[in-house]
Amino acid sequence: MNLAVTYFLWFISYSILGWFYETILCSVMQRKFINRGFLNGPYCPIYGSGALLVITLLGRITNPLILFLVSAVVTCALEYLTSYVMEKLFHARWWDYSNRPLNINGRVCLLGAIVFGAFSVLLVLLVHPAVCKLTDKIPLIIRYIMAVVLCLALLFDCISTVLALSNFQKKIEYIASLLEEKRHSTAEKLRSSAIHNALQRRKSSLADLLSCQQKRIILAFPKLKLHRYNDLLIELREALEKRHKAQDDQKSKKDNGR
């Protein structure tokens, strides 16, 4: 039991570190804050799972080159499996490396393998020994309390996220049907350019039918692709981005006017 609690705390720790890595990287690339996590909280479970997998299977390897090569294979296998399972569960592709060299079905790529292989070397040889020492200093009762609280928070987050995303495809289909009705009702009254402008405004307002979590997911995963209505998803993302930019500009003007 003590070992399970310790492993869970390691899992959470590395999930949080993974969230910081993903969030900082994506925020810098897009020049704005992006909560990159699939879940609402500041953690990316795929990083925690990958870290525990590397620690458990490869923790005794001390040769950096061998550790790098084997870790690259192991972590890429995990990423590929995660991409496949999430696509089957939610009927959507969450990331796509098709435009990068030496990719496999767009799910994993050479650059990712190099990055995760290097991270794994640092994890096993430098980071994890320090984390172990830190964990050992925490009294056992405190470890249990932390594990219970964090487990409940993670469980609640997982349930709410799955419920929100299980309804995501239906929301997109509903929005598509409303737009189709709007297109037919205005086609005889307006010129094509006016129809386009009217539909664009309509998409912006219909985006409010999505939940806050669904909107966050759309913005956090710019490579997200739906099996159906992906064109509509792209347009909804553009509408949300324009709205956020307008809000930021308005806020900036107010701040400058003070």
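Values computed for the structure shown
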{"item": "Order of exposure, largest accessible area first, which applies to Lys223, Lys32 with probe 1.4 Å", "result": "Lys223, Lys32"}
{"item": "Sequence-separation-based contact order of the chain, relative, with Cα cut under 8 Å and 6+ spacing, percent", "result": "20"}
{"item": "Mean accessible surface per residue for the chain, computed with a 1.4 Å probe while every protein chain stays in place, in Å²", "result": "60"}
{"item": "Estimated [θ] at 222 nm from DSSP helical runs (n ≥ 4, -39500 (n - 2.57)) normalised by residues in the chain, nearest 500", "result": "-25500 deg cm²/dmol"}
{"item": "Equivalent ellipsoid dimensions for the range 1-128 as semi-axes, Å, which come from the Cα gyration tensor, largest first", "result": "23, 19, 15"}
{"item": "Accessible carbon and sulfur surface of the chain relative to its total accessible area, %, 1.4 Å", "result": "66"}
{"item": "Whether the chain is rounded, prolate or oblate, judged on the alpha carbon gyration tensor where a/c under 1.5 counts as rounded", "result": "prolate"}
{"item": "For the chain, with +1 on Lys and Arg beta carbons and -1 on Asp and Glu, the positive-most of Phe8, Ser211, Phe38 along the dipole", "result": "Ser211"}
{"item": "With DNA, RNA and ligands ignored, accessible area of Tyr84 (1.4 Å probe; Å², nearest 10)", "result": "110"}
{"item": "Accessible area of Glu173 in the full protein assembly, 1.4 Å probe (Å², nearest 10)", "result": "60"}
{"item": "The range 122-171: C-alpha gyration tensor shape, a/c 1.5 cut-off, then a/b vs b/c", "result": "oblate"}
{"item": "Solvent-accessible surface ranking, highest first, for His91, His128, His244 at 1.4 angstrom", "result": "His91, His244, His128"}
{"item": "Under Karplus coefficients 6.51, -1.76 and 1.60, residue-wise ³J(HN,Hα) of the range 9-17 in Hz, glycine/proline x", "result": "5, 5, 4, 5, 4, 6, 5, 5, 4"}
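The values are calculated or read from the model by the stated rules, or taken from the named source; none is laboratory data. Given the structure is predicted, the values throughout are model-derived calculations rather than measurements. For neighbour counting, all protein chains shown are included, and Cβ atoms are generated from backbone atoms with ideal geometry for every residue, glycine included. For the accessible areas, the whole protein counts, side chains as well, though only heavy atoms, and no ligand, DNA or RNA atoms are used. Shrake-Rupley method; radii C 1.70, N 1.55, O 1.52, S 1.80 Å.
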